[in-house]
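Worksheet for the structure shown next.
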Amino acid sequence: MTTTTIDDANAVLASQPFSVLVGARIARYGPDGVTLEVPLRAELLQQFGFAHGGVLSYTADNALTFAAGLALGPSIVTTGFTIDYLRPAKGELLRAEAKAVNASKRQALCRCDIYVVSDSGEAKLCAAAQGSARLIELK
């Protein structure tokens, strides 16, 4: 499947059991990048009521990979990423905004900012990530 529309991108998420488990959805998908959102609920929090670091990492990983897919096409895998946690994420929603900053024929480098959004709509930067993905051959 060629991932060319937001509906295609959300269909890819729907085919990933873990993405379904966390409730991820693509809110924006286009030439300027991708926005992936994860509604925060009790099961995704750690003992102090903040989003678990693993949920933030998942959000960064998938947003970075979808951004790379915009540059390379859909047959890709993440080759690595780093994440910096900037503040505890306490709110209603995680919003990851990612875009490719450099791409060759086979590999893309992407950046991602993750915001936590309060019930009043205020967004605060809580993490930043950078990662790369490369084309794979599906047999």
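Across the range 1-29, the qualifying residues are those that are small (Gly, Ala, Ser) and surrounded by 13 or more Cβ atoms within 10 Å (Cβ to Cβ), and the one among them that is farthest from Arg95 (Cα to Cα) is Ala11.
Return yes or no: is Leu70 closer than 13 Å to Val117 by Cα and not small (Gly, Ala, Ser)? Here the answer is no, as Leu70 does not meet what is asked. If the condition is being in contact with a Lys or Arg (Cβ under 7 Å, 6 or more places away or on another chain) and modelled with pLDDT of 95 or more, then the range 25-61 contributes Gly33, Val34, Thr35, Glu37, Gly49, Phe50. Ala42 passes every criterion in (1) farther than 21 Å from Leu125 by Cβ; (2) of a type in the set (A, V, I, L, M, F, W, C); (3) touching a residue at least 12 places away in the same chain (Cβ under 8 Å) apart from (3). Does Ile26 qualify as being of a type in the set (Val, Ile, Thr) and either touching a residue at least 60 places away in the same chain (Cβ under 8 Å) or out of contact with any strand residue (DSSP E or B) (no Cβ under 9 Å at 6 or more places or on another chain) (or both)? Answer is no for this residue. For the range 51-59, the condition holds for at least one residue, the condition being that it is farther than 17 Å from Ala133 by Cα, without any contact (Cβ under 8 Å) to a residue 24 or more places away in the chain and surrounded by 15 or more Cβ atoms within 10 Å (Cβ to Cβ). Cβ separations smaller than 9 Å between residues 6+ apart or across chains give the following pairs from the range 100-121 residues that are under 18 Å from Ile83 (Cβ atoms) and of a type in the set (Asp, Glu) to residues that are surrounded by fewer than 17 Cβ atoms within 10 Å (Cβ to Cβ) and at pLDDT 95 or above: Asp113/Leu125; Asp113/Ala128. The set of residues in the range 62-107 being surrounded by fewer than 21 Cβ atoms within 10 Å (Cβ to Cβ), under 12 Å from the mean Cα position of the chain (by Cα) and either closer than 16 Å to Ile136 by Cβ or at pLDDT below 95 (or both) consists of Thr78 alone.
The values are calculated or read from the model by the stated rules, or taken from the named source; none is laboratory data. Bear in mind that the values here come from a model prediction, so they are computed numbers and not experimental data. Reconstructed Cβ throughout: ideal geometry from the backbone, glycine too, with neighbour counts over all protein chains shown.
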